[in-house]
2 protein chains.
Amino acid sequence: MTAAVANRATVSTPGDRDIHIERLLNAPRGRVWRALNDADQIAQWWGRGNKMTIEKHEPWRGGHWRYVEHSDHGDQGFEGRYREVTPEERMVRTFEWDGMPAHVIIETMTLEDLGDGRTKVVIDSLFHTREERDGMLQSGMEGGMNESFDALDRLLAEA
Amino acid sequence: MTAAVANRATVSTPGDRDIHIERLLNAPRGRVWRALNDADQIAQWWGRGNKMTIEKHEPWRGGHWRYVEHSDHGDQGFEGRYREVTPEERMVRTFEWDGMPAHVIIETMTLEDLGDGRTKVVIDSLFHTREERDGMLQSGMEGGMNESFDALDRLLAEA
C-alpha cells in the first residue's frame, strides 16, 4: 500500500519556451479528473485556502474559463479557452493571468493511470516567448503550484 | 497629390513563427486609427460587405474583443484580448478564430504617419508554432485581408 505522503512536483524545461511538470496523486484517474475539472472541486484546491469565484467554466472545445482568487492582497483573475477536452485523459487550453493580459500560455494536461490507485499528472506549458517562460519561472510559480497540489492531495484524501 | 488607388498589402515572413504585413492607406493617422478601433467603423470594413456583429469591444489593456461575421456560409467568430493600446500609435492584442479555438496569435499593429496625408499600417503576427503560421498562410488569409483593406479604403474615402 502506498503511503499518502505529499509528492513534490518535478519541474523541467525541455526547450526554450516550455515548462514540463509531473506530479503523482494518490487517487485513481477518474477521481483526479473530477477534482481538476468540476467547478466546485476546483474552488476547493486552486486557491490553497483562499476563496475562489468560478466565473466561467465551460470545459469543452471552444469553451471559456475564468476563475478569480480572492486574498488579503486583492483579487487575481485567471482565464482562457479550451482547445481540446478528452475526459480523464487530456485537456489543452490557454491560460492567462489578468496581471499580464494577452500573454498566453498553451497548457496541455494529461493524466496517466498508474494502475495502483495513483495517477500521474503531466502538464506541458508552451509560452509565446522565452522571456515569458523565464518570467513565470522567476515569479514564485513553483511554490504556489506546490501549495495548490498539496491542497488537491487533501481534497483527494477526503472522498 | 496622391492618387487614391488601392494599395496592395505586402506580406513577408521574417522568422519561423511570424507574418509581417505592411499596407498604405490614403488617410491621416488619426482617421485610420478611428476606422480600425471604433466599433461602428470596424463593422463597415472587416466583413467586406458581410454583416458584422461587434459582440464585445473593449480597446484597453486587459479588455476583450469579439466580432462575428455573418455570411451565406455561416457565422465566423473572432476574439481576443488587448495587451496594449496606445491611441493612434500601437495596439497589441491576441487574435483567435472560433474554428481553431485556443490557437492564439499575438498581433502587434503600429501606425506610421507618412506626413503627406497617408498612413502606413504595420501588422506583426506571432504564432505559437510554425505549423500554425504556415496554416494561416495557406488558408487564403491574404485574399480576405486584401478585400478587408479594400473595404477600409472605401470607408476612408467617404469621410
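The values are calculated or read from the model by the stated rules, or taken from the named source; none is laboratory data. Predicted model only: the values in this text are computed from it and were never measured. For neighbour counting, all protein chains shown are included, and Cβ atoms are generated from backbone atoms with ideal geometry for every residue, glycine included. These area figures cover heavy atoms from the full protein model, side chains too; ligands, DNA and RNA do not enter into them. Shrake-Rupley method; radii C 1.70, N 1.55, O 1.52, S 1.80 Å.
Evaluating 6.51 cos²θ - 1.76 cosθ + 1.60 at θ = phi - 60° for every residue in the range B:36-42, the Karplus couplings come out as 8, 10, 8, 4, 4, 6, 4 Hz, glycine and proline recorded as x.
Within the range A:33-109, none of the GluC sites (Glu not before Pro) combine a DSSP coil assignment with at most 10 other C-beta atoms in a 10 angstrom radius. Think of it as helices only: each DSSP H run of n ≥ 4 in the protein assembly as shown is worth -39500 (n - 2.57), and spread over all residues that comes to -8000 deg cm²/dmol at 222 nm.
Within the range B:75-159, the ratio Rg/Rh, alpha carbon atoms throughout and Rh by Kirkwood, equals 0.99. Computed from backbone phi, the HN-Hα couplings of the range A:22-27 come to 10, 8, 8, 10, 8, 7 Hz, rounded to whole numbers (Karplus: 6.51 cos²θ - 1.76 cosθ + 1.60, θ = phi - 60°; Gly and Pro given as x). Rounded to 0.05, the FRET efficiency of the A:Asp150 and A:Met100 pair, given R0 = 25 Å and the Cβ-Cβ distance, is 0.50. Where the alpha-carbon atoms of the protein assembly as shown are placed on the principal axes, they occupy 84, 41, 33 Å, in descending order. Chain A residue nearest the axis that carries A onto B, by Cβ, with distance in whole Å, is A:Val104, 2. At a probe radius of 1.4 angstrom, the accessible area of chain A per residue rounds to 49 square angstrom.
The value obtained for chain B, namely the Cα convex hull volume divided by the number of residues, is 111 Å³ per residue. P(r) tail for the range A:1-71: Cα pairs beyond 15 Å make up 69% of the total. If you build a Gaussian network model of chain A, linking Cα atoms that sit under 10 Å apart, which residue out of A:Arg93, A:Arg29, A:Arg118 swings the most? Greatest mean-square fluctuation among the candidates belongs to A:Arg118. A Förster radius of 30 Å combined with the Cβ-Cβ distance from A:Ala157 to A:Glu112 puts the calculated FRET efficiency at roughly 0.90. Between A:His73 and A:Lys120, residue separation times 0.36 nm minus the direct Cα-Cα distance comes to 13.7 nm. Phi angles across the range A:66-74 convert, under the Karplus curve 6.51 cos²θ - 1.76 cosθ + 1.60 with θ = phi - 60°, into 3J(HN,Hα) values of 7, 10, 10, 9, 9, 9, 4, 8, x Hz, Gly and Pro given as x.
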